[in-house]
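Here's a structure for you.
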């Protein structure tokens, strides 16, 4: 029964993302597929509820279909509508919403559920892939209608504190494997923020 719900949800969301794909060059279906695959892998490490992890992953970024550069709360009504149409109960929807909120980068704390850890670690990994600054940063800027100053401020303000608290990744095996990538990525963005204080750099990118 639960597997039928997630299968239906995946098919429904894939149609929606394919229809609106041009609006989401960063948070598009390619992002959902990657986070989906990795979150299920990570869920297995800590015996998280696969049904809840998969359901939360598939719809965790629907807010970007509602409004660019928004937080997950803005996608709540759309998520609820889609989940109900796919046969989810209100109790299940409440649990999924909680997982999405607690795993959001700007809201994360030390104590989150195993399901939130699986989603959070997979989503964080997408951010720190060595290819992400090269291939995806500009796509984020285009999608969310921000500039590099706003992007660098968002990344450094949200993610430096996670690194300092040792909760950039929650799952020990994931932390061991990917924390060096996170540190390298944040070093880059901290240097970007520093470079943007130089008047000649600002002049350079304003042209």
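Derivation of every value follows stated rules applied to the coordinates shown; laboratory data play no part. Computed from a predicted structure; not experimentally measured. In this analysis, Cβ positions are derived from the backbone assuming ideal geometry, glycine residues included, and neighbour counts consider all displayed protein chains.
What relative contact order, as a whole-number percentage, does the chain give when Cα pairs under 8 Å and 6 or more residues apart are counted?
Values: 218 pairs, mean separation 45.4, N = 207.
Computed over the chain, the figure is 22 percent.
Using only DSSP helix segments of four residues or longer, with each worth -39500 (n - 2.57), what per-residue ellipticity at 222 nm results for the chain after dividing by its residue count and rounding to 500?
On the way: 12 runs with 150 residues, N = 207.
After summing the helix terms and dividing by residue count, I get -22500 deg cm²/dmol.
Ranking 184, 6 by Cβ neighbours within 10 Å, fewest first, what do you get?
On the way: 184 12, 6 20.
The fewest-first ordering by Cβ neighbours comes to 184, 6.
Could you work out how far the C-alpha centroid of segment 1-57 sits from that of segment 69-131, in angstrom?
So the two Cα centres are separated by 11 Å.
Could you tell me what fraction of 2.2 N^0.38 Å the Cα radius of gyration of segment 1-93 comes to, as a two-decimal ratio? Intermediate results must be reported in sequence, preceding the final value.
Details: Rg = 12.8 Å, N = 93, 2.2 N^0.38 = 12.3 Å.
For segment 1-93, the normalised Cα radius of gyration comes out at 1.04.
Please compute the contact order of segment 39-151 in relative form: average sequence separation of alpha-carbon pairs under 8 Å and at least six residues apart, divided by the residue count, as a percent. Write out the running numbers ahead of the final one.
Working: 108 pairs, mean separation 34.8, N = 113.
Once normalised by length, the contact order is 31 percent.
Taking the Cα atoms only, what angle lies between the long axis of helix 114-128 and the longest principal axis of the chain, rounded to 10 degrees?
Around 30 degrees separate the two axes.
Turning to a different aspect of this structure: Please report, for the Cα atoms of the chain, the Rg to one decimal and the Dmax as a whole number; what are they, in angstrom?
In Å, with Rg to one decimal and Dmax whole: 17.3, 60.
Same structure, new question: Measure nothing fancy, just the Cα-based angle from helix 2-20's long axis to the longest principal axis of the chain, in degrees from 0 to 90, nearest 10.
Computed tilt is about 40 degrees.
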